[in-house]
Amino acid sequence: MAAHNDTGHWGETKAAEYLQSKSYEIVAKNYRHRHAEIDLIAKQGKLMVFAEVKTRSGTGFGMPEEFVNYAKSRLIMKAAENFIFETDWMFDVRFDIISILILPNGNLDIRHIEDAFC
């Protein structure tokens, strides 16, 4: 597996741990529908959160969250629509980005951007 894939999966694990520390329940990881994938689906009470996780080890090409473009957000929303239908979810939903920047000293800068797109 390519190193960037390993970093991505590692980042998704860190993002799930972060959400759980904030009292979210992880409902699904890497949910796929057609050509779309949702990295994490989490629930907190009557709120379902569809989260895209972006992990980078540097900012040479921009901050991690800047890599979620319009096309990607539309794919995530289509997949979320299918998940909502499959699970008969009747409450609130939100689309977030969890940005993870691996700092040179090995620490993490985790940014949870709520309502990142809709």
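I'd like to check something: does the stretch 84-94 contain any residue that is of a type in the set (Ser, Thr, Tyr), at negative phi and touching a helix residue (DSSP H, G or I) at 6+ places or on another chain (Cβ under 6 Å)?
no
Filter the stretch 46-62 down to residues that are of a type in the set (A, V, I, L, M, F, W, C) and in contact (Cβ under 8 Å) with a residue 40 or more places away in the chain and give me whichever is surrounded by the fewest Cβ atoms within 10 Å (Cβ to Cβ).
It comes out as Leu47.
Among the candidates Ile76, Ile97, Ile113, Ile84, which residue alone is under 14 Å from Glu12 (Cα atoms) and either surrounded by 11 or more Cβ atoms within 10 Å (Cβ to Cβ) or touching a residue at least 24 places away in the same chain (Cβ under 8 Å) (or both)?
Criteria check complete, one pass: Ile97.
With the stretch 31-118 as the region, which strands (runs of 3 or more DSSP E) entirely inside it contain at least 3 residues that are β-branched (Val, Ile, Thr) and under 15 Å from the mean Cα position of the chain (by Cα)?
47-56, 92-102
For the stretch 46-61, which positions are in contact with a strand residue (DSSP E or B) (Cβ under 6 Å, 6 or more places away or on another chain) and of a type in the set (Ser, Thr, Tyr)?
Once the filter is applied, which keeps residues that are in contact with a strand residue (DSSP E or B) (Cβ under 6 Å, 6 or more places away or on another chain) and of a type in the set (Ser, Thr, Tyr), the stretch 46-61 yields Thr55, Ser57.
Scan the stretch 53-74 for residues that are more than 14 Å from Leu40 (Cα to Cα) and of a type in the set (A, V, I, L, M, F, W, C) and jot them down.
Scanning the stretch 53-74 gives Phe61, Met63, Phe67, Val68, Ala71.
What number of residues within the stretch 19-76 satisfy the criterion of being out of contact with any Lys or Arg (no Cβ under 8 Å at 6 or more places or on another chain), among the hydrophobic types (A, V, I, L, M, F, W, C) and closer than 13 Å to Ile100 by Cα?
3
With respect to Val27, is the statement that it is touching a helix residue (DSSP H, G or I) at 6+ places or on another chain (Cβ under 8 Å) and either more than 20 Å from Asp88 (Cβ to Cβ) or outside any loop (DSSP other than H, G, I, E, B) (or both) true?
No: the conditions fail for Val27.
Quick check on the stretch 24-31. Is at least one of its residues in contact with a strand residue (DSSP E or B) (Cβ under 7 Å, 6 or more places away or on another chain) and closer than 19 Å to Cys118 by Cα?
Checking the stretch 24-31: at least one residue is in contact with a strand residue (DSSP E or B) (Cβ under 7 Å, 6 or more places away or on another chain) and closer than 19 Å to Cys118 by Cα.
A short reminder: the numbers here are calculations on the coordinates, not readings from a lab. Since the model is a prediction, treat every value here as computed from it, not as a measurement. As a convention, Cβ positions derive from the backbone with ideal geometry for all residues, glycine included, and neighbour counts pool all protein chains shown.
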